[in-house]
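The values are calculated or read from the model by the stated rules, or taken from the named source; none is laboratory data. Everything numeric here is computed off the predicted structure, so don't read it as measured data. When we count neighbours, we look across all protein chains shown, and the Cβ atoms used for this are built from the backbone with ideal geometry, even at glycine.
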Amino acid sequence: MSKTKEVEFNGTWFYEGTTEPLAELLLKLKDNKTRIIVDYGDVSTGQSWNETYDVSGYIGRTTGKHMPILVHNTRSLGGGIILTHCVLSVKTSKGKNVLYTHNNNYKKL
(Lines give C-alpha, C1' and ligand atoms only; values in the text may rest on other atoms or scores of the structure.)
Protein backbone atom coordinates (compact mmCIF):
# COMPACT_ATOMS: atom_id res chain seq x y z
CA MET A 1 0.00 0.00 0.00
CA SER A 2 1.51 3.33 -1.02
CA LYS A 3 1.49 6.35 1.25
CA THR A 4 -0.38 9.41 -0.02
CA LYS A 5 1.74 12.56 -0.14
CA GLU A 6 0.64 15.91 1.23
CA VAL A 7 1.58 19.46 0.27
CA GLU A 8 1.37 22.64 2.34
CA PHE A 9 -0.69 25.65 1.22
CA ASN A 10 -1.08 28.75 3.43
CA GLY A 11 -0.34 26.83 6.63
CA THR A 12 -2.71 23.93 5.88
CA TRP A 13 -1.74 20.56 4.44
CA PHE A 14 -3.65 19.05 1.50
CA TYR A 15 -3.31 15.78 -0.38
CA GLU A 16 -1.06 15.97 -3.42
CA GLY A 17 -3.23 16.55 -6.51
CA THR A 18 -5.56 19.01 -4.76
CA THR A 19 -6.36 21.96 -7.01
CA GLU A 20 -5.31 25.39 -5.83
CA PRO A 21 -8.84 26.85 -6.23
CA LEU A 22 -10.23 24.09 -4.00
CA ALA A 23 -7.56 24.69 -1.34
CA GLU A 24 -8.31 28.43 -1.35
CA LEU A 25 -12.07 27.79 -1.19
CA LEU A 26 -11.81 25.39 1.74
CA LEU A 27 -9.74 27.90 3.70
CA LYS A 28 -12.30 30.65 3.00
CA LEU A 29 -15.19 28.36 3.98
CA LYS A 30 -13.40 27.54 7.23
CA ASP A 31 -13.03 31.23 8.06
CA ASN A 32 -16.62 32.05 7.02
CA LYS A 33 -18.10 29.04 8.89
CA THR A 34 -20.17 27.97 5.88
CA ARG A 35 -21.85 24.55 6.02
CA ILE A 36 -21.12 22.54 2.86
CA ILE A 37 -21.75 19.27 1.04
CA VAL A 38 -18.81 17.53 -0.64
CA ASP A 39 -19.14 15.15 -3.60
CA TYR A 40 -16.25 12.70 -3.80
CA GLY A 41 -15.26 10.70 -6.84
CA ASP A 42 -12.67 9.86 -9.47
CA VAL A 43 -11.34 13.21 -10.65
CA SER A 44 -9.84 11.74 -13.84
CA THR A 45 -13.21 10.42 -15.07
CA GLY A 46 -15.60 12.69 -13.16
CA GLN A 47 -17.45 9.61 -11.84
CA SER A 48 -19.04 10.29 -8.45
CA TRP A 49 -18.76 7.74 -5.64
CA ASN A 50 -22.29 8.74 -4.57
CA GLU A 51 -21.26 8.92 -0.91
CA THR A 52 -24.08 9.74 1.49
CA TYR A 53 -22.32 9.61 4.87
CA ASP A 54 -19.79 12.09 6.24
CA VAL A 55 -20.08 14.46 3.28
CA SER A 56 -21.69 17.50 4.92
CA GLY A 57 -20.57 19.84 7.66
CA TYR A 58 -18.24 22.69 8.44
CA ILE A 59 -14.53 22.90 7.66
CA GLY A 60 -12.15 22.49 10.56
CA ARG A 61 -8.49 21.56 10.85
CA THR A 62 -6.64 18.79 12.59
CA THR A 63 -4.08 19.56 15.23
CA GLY A 64 -0.49 18.85 14.35
CA LYS A 65 -0.29 18.83 10.56
CA HIS A 66 -3.38 21.07 10.09
CA MET A 67 -5.27 19.08 7.48
CA PRO A 68 -8.85 20.11 6.59
CA ILE A 69 -11.58 18.04 8.24
CA LEU A 70 -15.35 17.99 7.95
CA VAL A 71 -17.00 18.55 11.34
CA HIS A 72 -20.68 18.17 12.25
CA ASN A 73 -21.12 21.66 13.72
CA THR A 74 -19.00 24.69 14.59
CA ARG A 75 -18.55 23.46 18.18
CA SER A 76 -17.30 20.01 17.11
CA LEU A 77 -13.69 19.14 17.81
CA GLY A 78 -13.22 16.12 15.56
CA GLY A 79 -14.19 14.85 12.17
CA GLY A 80 -13.00 13.01 9.10
CA ILE A 81 -10.16 14.33 6.96
CA ILE A 82 -11.43 15.68 3.64
CA LEU A 83 -10.05 13.69 0.70
CA THR A 84 -9.17 16.88 -1.12
CA HIS A 85 -7.60 15.05 -4.07
CA CYS A 86 -10.93 13.27 -4.70
CA VAL A 87 -13.37 16.20 -4.53
CA LEU A 88 -15.62 16.58 -7.58
CA SER A 89 -17.79 19.40 -6.22
CA VAL A 90 -18.55 21.52 -3.18
CA LYS A 91 -22.03 22.98 -2.56
CA THR A 92 -23.55 25.04 0.21
CA SER A 93 -25.89 23.02 2.44
CA LYS A 94 -28.44 25.81 2.37
CA GLY A 95 -29.61 26.46 -1.18
CA LYS A 96 -27.26 23.87 -2.75
CA ASN A 97 -25.27 26.62 -4.52
CA VAL A 98 -22.30 25.10 -6.35
CA LEU A 99 -19.08 26.68 -5.07
CA TYR A 100 -16.58 24.39 -6.80
CA THR A 101 -16.49 21.77 -9.52
CA HIS A 102 -13.38 19.86 -10.48
CA ASN A 103 -11.88 20.78 -13.81
CA ASN A 104 -8.72 19.21 -15.19
CA ASN A 105 -7.52 22.67 -16.31
CA TYR A 106 -7.02 23.84 -12.71
CA LYS A 107 -3.49 24.26 -11.42
CA LYS A 108 -2.78 21.38 -9.02
CA LEU A 109 -0.74 21.76 -5.85
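When the residues of the range 82-109 are filtered to those that are part of a strand (DSSP E or B) and of a type in the set (D, E, K, R), the one that is modelled with the lowest pLDDT is K108.
Looking for something of a type in the set (S, T, N, Q) and within 22 Å of N10 (Cβ to Cβ) - is there at least one such residue anywhere in the range 71-81? Reasoning before the result, please.
Applying the first criterion (of a type in the set (S, T, N, Q)) to the range 71-81 yields 73-74, 76.
Those left that are additionally within 22 Å of N10 (Cβ to Cβ): 74.
Checking the range 71-81: at least one residue is of a type in the set (S, T, N, Q) and within 22 Å of N10 (Cβ to Cβ).
On the basis of being exposed (fewer than 14 other Cβ atoms within 10 Å of the Cβ) and touching an Asp or Glu at 6+ places or on another chain (Cβ under 6 Å), does G64 make the cut? It is false that G64 is exposed (fewer than 14 other Cβ atoms within 10 Å of the Cβ) and touching an Asp or Glu at 6+ places or on another chain (Cβ under 6 Å).
Of the set (1) loosely packed, with under 14 Cβ neighbours inside 10 Å; (2) of a type in the set (K, R); (3) in contact (Cβ under 8 Å) with a residue 24 or more places away in the chain, all apply to R35 but (1).
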